[in-house]
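What follows is one structure encoded as structure tokens, with my remarks underneath.
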Amino acid sequence: MSNKQAGPVESERIALKARNVSFSWADTPLHWVPGDPFTTHTINVLHLLLPAGERWFVHVYKQALPLIRDERLREDVIGFIGQEAMHSQAHDEVLPHLREQGLDPTPYTAQVDWFFEKLLGDRTLPPGRARRWWLLERIALIAAIEHYTAFLGDWVLNAAELDRRGADPTMLDLLRWHGAEEVEHRSVAFDLFVHVDGDYRRRVRTWALAFSALLFLWQRGARFFMENDPTLVDGKASFAEFYRSGRRGTLPATGALLKSIPRYLSRAYHPSQEASTAQAVAYLAASPAALAAEQHEKEAS
């Protein structure tokens, strides 16, 4: 099998930097999409899923740094590590707010932590081929996951229906700041995978695992929130409701999600062909949290 991949779109490259953002959740209601607990909680799963996942990304990439022979890619990976660490922290900070509103996420986050720290964590393997194989598998998994984080980032930047429905502006800023940075660094994980390996069979295999795991964890998280929401008598999460929400524009459309699969599996795929760096940069130039972080940085220097 050929391992040839499409190259990046050069104009989409950008120097990556972590933005030290912070958010205040005091005025954010439990159902931050008014009258729509299902959309609220489906998106809330991000706050439970991402911190552990992004800590895992950082851990794996620190192990991958010695394999990088291209200085520009090394800089991109270091920038990626900084942004992902900040994402993990920002979503973690939502959890105390959820507890105050009667939703303790600990039972679910314990499962997510097990998935990333135990199932996908470091293994006691002898130095050499086995240890390298496990590192390459995880690098490929991250590339597949990043395809979907970029997809979600692009979606939330364009999710005008959330604005029309009066979604909480602080939560929207968190999601769009994060989404914009996912679009901004969307090529890094795939470029690293191609640089250290690029095997097409590994790409397909790890995509299947990543896609299945994300679907499984996400539906469990949405179900957990709906069943434990103290304001709902009989809260339920279903694929039918996800589909309807996608039709309304409050969640990603099922069709768009399915169409993203063959794009990633195409031998001609490169993430720079997806989404828009210009749109991401424009949002980051206007994001209240990103602007506040930039101002704080100027004052500190």
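Partners of LYS236 within straight-line reach, counting aspartates and glutamates whose Cα lies under 19 Å from its Cα and excluding those fewer than 8 residues away in the same chain: ASP36, ASP104, GLU227.
For LYS259, no lysines have a Cα falling under 17 Å of its own Cα, not counting residues fewer than eight places away in the same chain. The local environment of PRO105, defined by Cβ-Cβ distances under 15 Å, has a net charge of -4 under the rule Lys, Arg +1 and Asp, Glu -1.
Rounded, prolate or oblate, given the Cα gyration tensor of the stretch 105-164, with a/c below 1.5 counting as rounded? Oblate is the answer for the stretch 105-164, as a/c is 1.5 or above yet b/c matches or exceeds a/b. Bridging of LYS298 to lysines at a Cα separation below 20 Å is possible for LYS17, once same-chain residues fewer than 8 apart are set aside.
With the chain treated as a Gaussian network of Cα nodes joined by springs under 10 Å, which of ALA140, ALA222, ALA286 yields the largest mean-square fluctuation? Ranking ALA140, ALA222, ALA286 by mean-square fluctuation puts ALA286 first. Full extension of the chain between ALA286 and GLN111 gives 59.4 nm of extra length, using 0.36 nm per residue less the Cα-Cα distance.
Bin width 5 Å, origin at 0, all Cα-Cα pairs of the stretch 138-204: what percent of pairs per bin? Taking all Cα pairs of the stretch 138-204, the binned fractions are 4, 18, 23, 17, 13, 10, 8, 6, 3, 0 percent. Counting only Cα atoms, the chain measures 54, 44, 36 Å along its principal axes, largest extent leading. Under a model in which nothing but the beta-carbon of Lys, Arg (+1) and Asp, Glu (-1) is charged, the chain shows a dipole of about 1420 debye around its Cα centre.
Would you compute the Debye intensity of the stretch 247-296 from its alpha-carbon atoms alone, equal scatterers and no solvent, and pass along log10 I(q)/I(0) at q = 0.21 Å⁻¹ to two decimals? The calculated log intensity ratios at q = 0.21 Å⁻¹ are -0.87.
Here, the stretch 159-298 yields an orientationally averaged convex hull projection of 11.2 nm² when only Cα atoms define the hull.
Excluding ligands, DNA and RNA, what is the solvent-accessible area per residue of the stretch 62-210 at a probe of 1.4 Å, expressed in Å²?
On a per-residue basis, the stretch 62-210 sits at 41 Å².
Mind running the shape call on the stretch 74-129? Use the C-alpha gyration tensor, a ≥ b ≥ c as the square roots of the eigenvalues: rounded below 1.5 for a/c, prolate if a/b tops b/c, oblate otherwise. It comes out oblate by the Cα gyration axes. Taking the C-alpha atoms only, the angle from helix 200-228 to the longest principal axis of the chain is near 20 degrees. According to the square roots a ≥ b ≥ c of the eigenvalues of the Cα gyration tensor, what is the shape class of the stretch 96-236, taking rounded for a/c under 1.5, prolate for a/b larger than b/c otherwise, and oblate for the remainder? Judged from the Cα gyration tensor, the stretch 96-236 comes out oblate (a/c at least 1.5, b/c at or above a/b).
The values are calculated or read from the model by the stated rules, or taken from the named source; none is laboratory data. Given the structure is predicted, the values throughout are model-derived calculations rather than measurements. With ideal geometry, Cβ positions are generated from the backbone for all residues, glycine too; neighbour counts draw on all protein chains shown. Heavy atoms of the whole protein, side chains included, go into the accessibility calculation; ligands, DNA and RNA do not. Shrake-Rupley method; radii C 1.70, N 1.55, O 1.52, S 1.80 Å.
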